[in-house]
Structure formats: C-alpha cells, structure tokens
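One structure is given here, and the rest of the page talks about it.
What follows draws every value from the coordinates through simple rules; no lab data is involved. The model shown is predicted, which means the values in this text are computed figures rather than measured ones. No Cβ is skipped: glycine too gets one built from the backbone with ideal geometry, and neighbour counts run over all protein chains shown.
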Amino acid sequence: MQKNQKIQTFKKIDAPDLPLIEIRNLTKYYKTAAGETLALNGVNLSILRGEFVAVIGKSGAGKSTLVNLISGINQPTSGEVLFQGDPIHSLDEDRKARWRGKNLGIVFQFFQLLPSLNLIENITIPMDLCRSFPFRQQKARALQLLEQVGIAEHAYKLPSKISGGQQQRVAIARALANDPELIVADEPTGNLDSRTAAEIFTLFAELVDHGKTILVVSHDKEIAKYATRIVELSDGEIIADYPAPSPVDSASSKNASSTSPKPLSPSNHALGYSGGAV
Ligand SMILES: Nc1ncnc2c1ncn2[C@@H]1O[C@H](COP(=O)(O)OP(=O)(O)O)[C@@H](O)[C@H]1O
Ligand SMILES: [Mg+2]
C-alpha cells in the first residue's frame, strides 16, 4: 500500500513515459436550434513527448473539435483530457487559462496577430500575461524567438508589413513564448501557398527535434513528410493511427517509430504519400 502511494506521488518525475496528453472516451455533442450534432464519439488517444502528430480527415470529421478539447478551448460532453496525468477538462476557466498559457502554444490558420503591435510586442504578450519571464528579459527572448523562426530582421515591423508565411512564423514564435511542451495548430498552412507551407512544416519538424511535441490538423498531404504519426478521423472517430511513412531524417522520426502506441495500417484513403524525406 505504502509502496503504491510512493509510486503515485512520484509518477510525474519518475515516469517519462507517461503520455503528455491522454484522452479517454472523449465525446462532444454540439447543441443547436436544429438539434444535436455528435462531433466526437468516444475517442481514445495518447500522445507522447516528442511526437509530431498530424490529424487528418475530411471536413466535418471532428478535427477542430478534438484539438479544441485538448487545448481546453471547448468543454467535452463526457470523457477525460489528461495532461501529464492531470485532468484538464475539470479545471475551472481561470485555472484552464493559466494551464494553457504555461503549457500550450496555439497556432491558428489566420495567424491572429494583433495588427497595431510590432512583431516583438506580439510575442511578449503571452510572457506578460503568464509572467513567465521577467519584464527585462522579454524583449531579448522575443528577438531570440524571431531569430529561431528566421525573421529577426523584421522585428520592429507591424504584421501588415510582412507576408502571410512570415506572419505565421511570428505566430509560431508567439506560441513558443512561454516555452510550452505542446504546440497545437489547426490548419496552420490553410492560408499559405505550398512552398511556404513546406517551410512552416519544416519549422515544426525542427521544433520537434528540439524537444517539443506537436499536434497539427492539416488537409495538406505533404504533412506526412514531416509528421511522425498520422491520426485519421472520420465522423468523430479515429479510423487510422500509424507512424508516418518516412518522416524527415530527424531524432523525432526515430522517437515516433518506437513510441506510436497503435500502429494500425494506413487506410487507403489516407494520405497518398510517396516521396522521400525533404
Ligand atoms: N460550434 C458548433 N456548433 C454546432 N456544430 C458544430 C460546431 N462546431 C463544429 N460543429 C459540427 O461538428 C462536426 C465536427 O466539426 P469540426 O470539429 O469543426 O470538424 P473538422 O475540423 O474536421 O472540419 C461537424 O458536423 C460540424 O458541423
Ligand atoms: Mg476544422
């Protein structure tokens, strides 16, 4: 009994294999005037540290619902979302916001930068909100992050003065501001041309190499060249879950092949990947 208690107490420190995210029997109904829509139907999923998970599936499959439940933006109808074993779904809004600010970086399709603030100021906002870094360090950190995403020379420009791809890089730098473990992105390249999309995916793959865990929803078949694992949704259910065929040559790819918990066979209608590493 005592032994068990001890294991429980130390499980987060001594169990690096504890999933970063674990979803148990997650169900989401949306209630509208027209009736109820079942958007997610009892989904189970574990995501380990260092995975680059691509969520794919047709429009309406439940992809956005899944990531919004993981990021605590939406509340499940039933089921559990655990982050390093801690239940996120049962936190009140204040605590959830604090948890999100510290542990999660979110990247949106339309960048969502504040138009009247320059790039550095956009990136220091999350640091201010979470008080994660002292004020005197924030600007230097923002510059360092802009350098990491390759656009430090634009640091003092407004978002409207740079391209869409560059804006998404800023949004990624902002997502990294508080040094979160997990980056979540819903169609981050949906508004970008294919060359720029490839650059953004490459950037994500680099972040995974540096220890981040990434969950990306994407329609872009090219994502299979960068992700380590593909999860396919259809009608609110996971219909395939498998290691990406040939991820970029990186530490993350090795990680994924040994950690993906359910290497189901790819469905024929999943990504038509055929190329080599980029
Ligand atoms: N806020 C909402 N209110 C009502 N129905 C919704 C809402 N958001 C999504 N849905 C419905 O839930 C289902 C899944 O949607 P979504 O998660 O957005 O799918 P995807 O991101 O894969 O396109 C769809 O049938 C969609 O119409
Ligand atoms: Mg969506």
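Quick notes
- For the range 23-75, the Kirkwood estimate of hydrodynamic radius, built from reciprocal distances between every pair of different alpha carbons, is 12.2 Å.
- Proximal aspartates and glutamates to K157, defined as alpha-carbon separation beneath 17 angstrom and excluding residues fewer than eight positions away on the same chain: E121, E147
- Compactness index (Cα Rg / 2.2 N^0.38 Å), the range 46-151: 1.24
- Each Lys and Arg adds +1 at its Cβ and each Asp and Glu adds -1 at its Cβ; summed about the Cα centre, the range 17-259 shows a dipole of about 580 debye.
- Estimated from the Cβ-Cβ distance and a Förster radius of 30 angstrom, the FRET efficiency linking I162 and E80 is about 0.15.
- Least to most buried among T65, T228 (fewest other Cβ within 10 Å first): T65, T228
- Neighbour-count order for L143, L113, fewest beta carbons within 10 angstrom listed first: L143, L113
- Residue order, fewest to most surrounding Cβ atoms within 10 angstrom, among Y30, Y226, Y156: Y156, Y30, Y226
- A P(r) calculated from all alpha carbon pairs of the range 17-259, with 10 Å bins opening at zero, reads 8, 32, 36, 20, 4, 0 percent.
- Ignoring aspartates and glutamates fewer than eight residues from K58 along the same chain, the ones with Cα atoms less than 15 angstrom from its Cα are D186, E187, D220, E232, D235, E237.
- Whole-Hz ³J(HN,Hα) from phi, Karplus 6.51 cos²θ - 1.76 cosθ + 1.60, for the range 206-223, glycine and proline x: 5, 5, 5, 4, 9, x, 7, 10, 10, 10, 10, 8, 8, 8, 7, 4, 4, 4
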